1. Going 7 Å from the Cα of Glu150 along its beta-carbon direction, which residues of segment 28-56 have the amide nitrogen within less than 17 Å of the resulting point?
2. On the principal axes of its Cα set, how long, how wide and how thick is the chain? Give whole Å, largest value first.
3. Specify which residue in the list Ser226, Gly69, Gly123 is farthest towards the positive end of the charge dipole of the chain, using unit charges on the beta carbon of Lys, Arg (+1) and Asp, Glu (-1), about the Cα centre.
4. Might you work out the accessible area of Trp64 for me, using a 1.4 Å probe with all protein chains in place, and round it to the nearest 10 Å²?
5. Leaving out ligands, DNA and RNA, and with a 1.4 Å probe, what % of the accessible surface on the chain is carbon or sulfur?
6. Charges only on Cβ, +1 for Lys and Arg, -1 for Asp and Glu: so what's the dipole of the chain about the Cα centre, in debye to the nearest 20?
7. Extension gain Lys68-Lys44, at 0.36 nm per residue separation less the Cα-Cα distance, in nm?
8. Nearest-5 percent of antiparallel DSSP beta bridges in the chain?
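The values are calculated or read from the model by the stated rules, or taken from the named source; none is laboratory data. Predicted model only: the values in this text are computed from it and were never measured. With ideal geometry, Cβ positions are generated from the backbone for all residues, glycine too; neighbour counts draw on all protein chains shown. When the accessible area is computed, the model is the full protein with side chains, heavy atoms only, and any ligands, DNA or RNA have been set aside. Shrake-Rupley method; radii C 1.70, N 1.55, O 1.52, S 1.80 Å.
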Amino acid sequence: MSYVEQVLKNLKKTNPNQPEFHQAATEILTTLAPVVDAHPEYQKAALLERFVEPERVIMFRVPWVDDKGKVHVNKGYRVQFNSAIGPYKGGLRFHPSVNLSIIKFLGLEQILKNSLTGLPIGGGKGGSDFDPKGKSDREIMSFCQSFMTELYRHIGADTDVPAGDIGVGGREIGYLFGQYKRICDEHVGVLTGRGLSYGGSLVRTEATGYGLVYITEEAMKMRGDSFKGKTVVISGSGNVAIYACQKAQQLGAKVVAMYDSNGYIYDKNGVNLDVVKDIKEVKRGRIKEYAERVSGAEYHEGCSGIWNIPCDVALPCATQNEINKASAEALVKNGVKYVAEGANMPSDLEAIDTFRKAGVVFLPAKAANAGGVATSALEMAQSSGRLFWSFEEVDAKLKNIMVNIYHNIDNAAKKYGYEGNYVMGANIAGFVKVADAMMAHGIV
Ligand code: NDP
Ligand code: 2IT
């Protein structure tokens, strides 16, 4: 059995019932064989065993009181996975599906993603099984304050810097920051995605979606192609989906479909993003309302049907495993040319294989959605320097980072003999820097 196989086998044995973590680890480790084979010193130093074991896992109780006076208890998590190249960095997810397996898969991915940005940030992730849907602002505040009342002791501007993810946006970051500041009496860059009036960075809101489109645009450019005139399907209608849609439209694409967890809209005339933003960002409503407001648009219950819509570009921007083999086959049959992952691990292992065999240009999450965390690191830099950069300045840096990531993963894939395989390229390019730092630090 190879070193990689041994580590994977042991990981599955010692972390039972964590299917998402197994999935992410399998995808990553199986692509690292060429690097690991070239560095026998890694096995001697048990580098992979240490790489897949979080430095620290924090789990805690989050009690809060709803508007009727009822007491609820949720689970809180922060997985501080790897600090070899910088302080732990990664989002917080509030969604009823959250469990340790999901937070660990996200944390593991985050290590390599953050490495790919080229900026000094380690990997971490956290969250809660709290469901923000249908809660009042006061209930959200109460939950966030309780969550931070435990989390504050584990984080810090040079230790661990959380941000948003599913269910955690500007409103939640505001409440979390307010409570941190109140407890610690420190106005520091301990969270990113902050509001512009209290230390946030321009472009952070747009960054993940914009970055996704920038890296896809670069992949297109290298093939003499562009977004102009392309038909695009985007899943989700949250932060990442909305700003991916905005940038794709700015570059001349037609976005014809989006969804939320109840169902999808199909608008053959091209999605009117102002309506989507009003429903999702202002009213916190359901995407179904779009079809009631825009004539010619259709609404369909259920999500997976979205992948049957013919498109040139698919941008999954909702959640893990939203594209399975059948959905991938439908996309391929209808002629999809580019799939770029805005969400984390939206394509399952069979779907990735389907895209690869069909020759689809596939940009995996840890490269394609790195623009969000990269801009978080730019927010950290501005906080440390007590600076405030213009929109144009941050946007230009973001674009530059995404273009660099594309060429970095493209070159890594070529170097190891897997040209065009960006899953290999992203995992290898991200891993090499982390492995280097871990080796330099000795057995820690
Ligand atoms: P939001 O909470 O803003 O939006 C999430 C969207 O995905 C909503 O439309 C939501 O629908 C939908 N969704 C969530 N869970 C499911 C599900 N189980 N089935 C179907 N639809 C679902 O989150 P973000 O846009 O921030 O995050 C989206 C993805 O992008 C996640 O995978 C996240 O990890 C990833 N990501 C986010 C970054 C960021 O900066 N925010 C950075 C990098 C990656 P509904 O409203 O019905 O729940
Ligand atoms: O998955 C991700 O990269 C994020 N949710 C963003 C993390 C961050 O720290 O900005």
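1. Those under the cut-off are 56.
2. 64, 55, 43
3. Projecting each Cα onto the dipole axis, the largest value belongs to Gly69.
4. For Trp64, the solvent-accessible surface is approximately 10 Å².
5. Numbers: 8750 of 17480 Å².
So the carbon and sulfur contribution to the accessible surface is 50 percent.
6. My answer is approximately 220 debye.
7. Taking Lys68 through Lys44 to full extension adds about 2.8 nm, to one decimal.
8. Values: 25 of 46 bridges.
Antiparallel bridges: around 55 percent, rounded to the nearest 5.
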